[in-house]
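The values are calculated or read from the model by the stated rules, or taken from the named source; none is laboratory data. This is a predicted model, so every value here is computed, not measured. No Cβ is skipped: glycine too gets one built from the backbone with ideal geometry, and neighbour counts run over all protein chains shown. Ligands, DNA and RNA are stripped out before the accessible areas are found, and what is left, the full protein with its side chains, is counted by its heavy atoms. Shrake-Rupley method; radii C 1.70, N 1.55, O 1.52, S 1.80 Å.
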Amino acid sequence: MQNRILTSETLNKIGEQAILCGWIERVRSHGKIAFFDLRDMTGVLQVVAASPETVASVENLSVQTVVKIEGIIKERGERYSNPIIPLGTVEVEITKPVEIISLASEMPFDMGGNELNLQLPTLLDFRTLTLRNRKIANIFKVQAAILKGFRSAAENLGATEIVVPTISASATEGGAEVFPVNYYGYPAYLTQSPQLYKQMMVPVFERVYTIAHAYRAEPSVTTRHLSENTQMDMEVGFVEFPELLDILEQVITDTLKFAQDASKDILHEYQIPEISFGKIPRLKLSEAQEIITKEYGRDVRGEKDMGPQDEVDICSWALKNHGSDLVTITHFPTKKRAFYTMPDPTNPELSLSFDVLFRGVEISSGSQRIHEYQKLMDAITSRGMSPENFKLYLQAFEYGMPQEGGFSFGLERITMHMLNLANVREASLFPRDMERIDERLSILAQKK
Ligand code: AMO
């Protein structure tokens, strides 16, 4: 909009006449004088109306109404200034009645304060409103910084960004947790991960990365599972296991450092402790289980995977003994991992696979892959799957695939644990789960 300035620009324009636009937050009327807060993309600014004509235009404004205002930028008197908040020392006194661009209906709940005191289902039912709350919006500022950090970490390693399909003729990770799609009358699936496509791109670019949607028909409701999540994936050619772990740890460290740095003010405001970047311990699953058994008194030796409490315990061990909020666990049982995972040549029962845990939860998985065509065919058939369903994928391996490996980070889980959120749904703009796809499924059922 022509001549419009942003609220953040007012600090350098004291005494000037200005036009600003934004959303109304909190209106306070005291008879001869009225105030409201104006929110735009850069902040929240106090607006004052002090003449009968301007006060009349403010008094009945509903919260979230979009307005255009014109007035003089003033320094707030010392008594009224609030140096703690970013624009707490300035205000605009309007010289004309407020111009309404779009009138908002009455809010279904109080949007006024800094904190929205709502239960999660309500937060999600009114998502387009609750996202306008600054504290909630900041979650997604941090998320944007994580995405940027991942991109920058992957680019620094020479990887090329790719965009891959989310409808596929085959189920990538195996298992029953797939959403079927009717594709012009043919069976297809929403991809559980960008896995197969990123691998197919290794002979093209050697190193690739992608930020992709992944769909999991999760049969249970937990605080860490979504039915649609965002994966930050990388795949690297000419790499073998220990070097792959070095790359993995470099990418996650660089991503988190970038995100933390870019979100300093937000993390400080919510008193989130800094991430501890000691040397990341690497433990085989069996070693982690020994530690848990010895130090935390739960005998988990021989279990095929880590349970949620195991992840919490080993992370607290890593922080205590290595000053690290991250820990890498390797060598999961081959049978427990997807077909493309390379078995450890020295003990094929175990695989060259890994998970990264961060502040008590798995945020990443990956592995060295089977790159030899015949071995890959054997792995597919030995799991009762048909190579026929993986024709295009196998083509890439039949005609020259180097040793390769890669990994994937769950964006929402990283966001959740960077910000100490209680539920992964809070770290997804529009979360999908067993109970919701925008609307609650129970409400959609009534409409059927
Ligand atoms: P995996 O299935 O472990 O590995 O997924 C990778 C990471 O994505 C996140 N994640 C989820 N987050 C929220 N809700 C879910 N339902 C969910 N599922 C996964 C987790 C997890 O660590 N193709 C392999 C990766 C690879 O080998 O490169 C894969 O998809 O943070």
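Binning the C-alpha pair distances of the chain at 10 Å intervals from 0 yields a P(r) profile of 4, 17, 24, 21, 15, 10, 6, 2, 0 %, listed from the shortest bin outward. Given R0 = 25 Å, the distance between the Cβ atoms of His322 and Glu243 translates into a calculated FRET efficiency of 0.75. In summary, the convex hull built on the alpha carbon positions of segment 32-147 has an orientation-averaged projected area of 8.8 nm².
Return, ordered by residue number, the residues of segment 38-62 whose backbone nitrogen is under 17 Å from a label point located 7 Å along Cα→Cβ of Gln17. Zone members listed by number: 50-51, 54. Segment 386-448 and segment 167-213 have Cα centres lying 11 Å from one another. Quick one: go through segment 145-174 and flag any residue whose amide nitrogen is under 14 Å from the point 7 Å out along the Cα-to-Cβ line of Lys391. Answer for this model: 169-170. Given Lys32/Lys96; Lys135/Lys264; Lys32/Lys74; Lys257/Lys279; Lys198/Lys304; Lys135/Lys279, which pairs have Cα atoms separated by over 23 Å? Flagged as over cut-off: Lys198/Lys304; Lys135/Lys279.
Projecting the Cα atoms of Pro219, Ala137, Val208 onto the dipole axis of segment 120-220, where Lys and Arg carry +1 and Asp and Glu carry -1 at the beta carbon, places Ala137 farthest toward the positive end.
With axes computed from alpha carbons, what is the tilt in degrees of helix 285-296 against the longest principal axis of the chain, rounded to the nearest 10 within 0 to 90? Roughly 60 degrees between the two axes. For segment 145-301, what log10 I(q)/I(0) values come out of the Debye formula at q = 0.10, 0.12, 0.21 1/Å, with one point per alpha carbon and no solvent? Debye intensities relative to I(0), on a log10 scale: -0.52, -0.75, -1.27. Plainly put, segment 348-448 has a radius of gyration that is 1.13 times its Kirkwood radius, both from alpha-carbon atoms, as the Rg/Rh ratio.
Put simply, the C-alpha atoms of segment 281-331 give a gyration tensor, and the ellipsoid matching it has half-axes of 16, 12, 9 Å, longest first. Each of Tyr80, Tyr373 has its accessible area taken with a 1.4 Å probe; listed largest first, they run Tyr80, Tyr373. The gain in end-to-end length when the Phe205 to Glu398 segment is fully stretched comes to 67.8 nm, 0.36 nm per residue minus the alpha carbon separation. Seen against the Cα atoms of the chain and their longest principal axis, helix 373-382 is set at about 90 degrees.
Per q in 0.16, 0.20, 0.21 Å⁻¹, report the Debye log10 I(q)/I(0) for segment 239-351, using one uniform scatterer on each alpha carbon and no solvent. Evaluating at q = 0.16, 0.20, 0.21 Å⁻¹ gives log10 I(q)/I(0) of -0.87, -1.15, -1.20.
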